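Reviewing the structure listed below.
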Amino acid sequence: MSESVDITRRAKSNLAFALLDMPEEKKRSMEQFYAFCRVIDDIVDEPGMEPDERHAALDRWVEVVHRAVVPADGIEQEVHELLEKLNPDIEPMLELIEGCRGDIAPVQPETRAELLQYSYRVASCVGITSACVMGASPAAHDYAVALGHALQFVNIIRDVGEDCSKHGRVYLPADDMELFGVSLEDLEKGVCDYRLQTLLAYEAVLAKRFFAEADDLYSKLSTEDRSALIPAQAMSLIYHTILDKMEADEYQIFAKRYRVNSVRKLWLMLRARLGTVEMPSISLPSISLNLPSLADLGFGKDKEKSDAGGKKNPPGGAA
């Protein structure tokens, strides 16, 4: 088993689940790219490394992506093979590395604009390269950007508690927290009252806008691109379902981790696939039917006789 396959299977992520439906060659390429993303994320998140070691490890990956060094056996070699095979634009991969680098010494975004810049680097750039690896044309670029933002905002809402307590990170913009009266101390203590619930609902509105934008852009893509992006659409449906569950539950993010079970995921994958099927246009033959009129069938003749013979008594004989 290759290292990328092992990393993908151990991760048990929603993306890994969505890859089940892909053709074998594209599935292998997506496993290689997903493993790259997972390794970059782990360099930043896994315990036991000093900041200098984390930066050095990311610097090494910058060189690997640039193909400026001989890749080591394992995942470096697999990513090198992927780059050689597809020759993608490497800028999104480099943006991902730098976006994750910012989490080594995390700084809370002050504004939504700052959060969107971070989201573009760590999520939309993943989407851009994923669309390429899946076989979509450059026309899918804007779709990938919008969907990346949508998925990242769901992650941010769902993981507020874990990000704060485990990693010391807060991705909710300081301006938005101030607007709704939520403090850092509230997040550290796991206070989930109407202030936080309203704040998260406010962030969810933006996530829904990105989902809607992605759906609109997806509908305008070619049949070939929509077919290539079925796994991405499955991800969209899975994450939208997670968002709907949080909303219905009033964002009890400190008490539980919101998930979608495997049966539901399979159904959503089927929905994503069916969404790419174009129904055939059926032209029915023109049929001329020469049907007799009501008069030809005798209807109305009794009325004509009655009118000729005088007014009929009403029912019951009343005059």
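What follows is calculated from the coordinates using simple rules that are stated; it is not laboratory data. Fair warning: this is a prediction, and the values are worked out from it, not measured in the lab. Neighbour counts are summed over all protein chains in view; Cβ atoms, including those assigned to glycine, are modelled from backbone coordinates with ideal geometry.
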With a point put 7 Å past each Cα toward its Cβ, work out how far residue 87 is from residue 259 in nm, to one decimal.
-> 4.3 nm
Phi angles of the stretch 252-267, converted by Karplus (6.51 cos²θ - 1.76 cosθ + 1.60, θ = phi - 60°) into ³J(HN,Hα) in whole Hz with x for Gly and Pro, give 7, 6, 7, 8, 7, 10, 7, 9, 10, 6, 4, 4, 5, 4, 4, 5
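May I ask for the Kirkwood hydrodynamic radius of the stretch 106-279, worked out over all distinct Cα pairs and given in angstroms to one decimal?
Hydrodynamic radius (Kirkwood, Cα only) of the stretch 106-279 equals 16.8 Å.
Under a Cβ-only charge scheme (Lys and Arg +1, Asp and Glu -1), can you give me the dipole magnitude of the stretch 106-279 about the Cα centre, in debye to the nearest 20?
760 debye
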Could you give the distance between the Cα centres of the stretch 1-20 and the stretch 205-252, to the whole Å?
-> 21 Å
Which value in deg cm²/dmol, rounded to the nearest 500, describes the helix-derived mean residue ellipticity at 222 nm for the chain, given -39,500 (n - 2.57) per DSSP H run of n ≥ 4 and division by the residue count?
-> -19500 deg cm²/dmol
If the cut-off is a Cα-Cα distance under 18 Å, which aspartates and glutamates reach residue 265, setting aside same-chain residues fewer than 8 apart in sequence?
-> 21, 244
Can you list the aspartates and glutamates whose alpha carbon is less than 19 Å from that of residue 27, not counting same-chain residues fewer than 8 positions off?
-> 3, 6, 76, 78, 81, 84, 224, 225
Tensor-based shape of the stretch 102-154 (alpha-carbon gyration tensor, a/c under 1.5 rounded, otherwise prolate or oblate) | prolate
Paramagnetic reach from residue 165 in the stretch 192-228 [backbone N under 15 Å; point 7 Å along Cα→Cβ] = 192-193
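Once you sort the root eigenvalues of the Cα gyration tensor of the stretch 1-98 as a ≥ b ≥ c, which label holds: rounded (a/c under 1.5), prolate (a/b larger than b/c) or oblate (the other case)?
Judged from the Cα gyration tensor, the stretch 1-98 comes out oblate (a/c at least 1.5, b/c at or above a/b).
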Going by alpha carbons, how many degrees (0 to 90, nearest 10) lie between the helix axis of 194-219 and the longest principal axis of the chain?
-> 70 degrees
For residue 10, net neighbour charge (Lys/Arg +1, Asp/Glu -1) across residues whose Cβ lies under 14 Å away = -3
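Expressed in nm to one decimal, what extension gain is obtained for the pair residue 175 and residue 12 from 0.36 nm per residue of sequence separation less their Cα-Cα distance?
Gain on stretching residue 175 to residue 12: 55.2 nm.
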Tell me, 225, 142 in order of fewest to most beta-carbon neighbours within 10 Å?
-> 142, 225
Using a simple spin-label model with points 7 Å from Cα along the Cα→Cβ vector, what separation in nm is obtained for residue 195 and residue 270?
-> 4.6 nm
About the Cα centre of the chain, how large is the charge dipole given +1 on each Lys and Arg Cβ and -1 on each Asp and Glu Cβ? Please answer in debye to the nearest 20.
-> 2160 debye
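Compute and list, largest first, the equivalent-ellipsoid semi-axes of the chain from the alpha carbon gyration tensor, each √(5λ) rounded to a whole angstrom.
In descending order, the three semi-axes are 57, 29, 16 Å.
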Pick out, from 154, 138, 219, the residue whose Cα sits farthest towards the positive end of the charge dipole of the chain, with +1 on the Cβ of Lys and Arg and -1 on the Cβ of Asp and Glu.
-> 219
Given unit charges at Cβ for Lys, Arg (+) and Asp, Glu (-), the dipole magnitude of the stretch 1-77 about its Cα centre in debye, nearest 20, is 380 debye
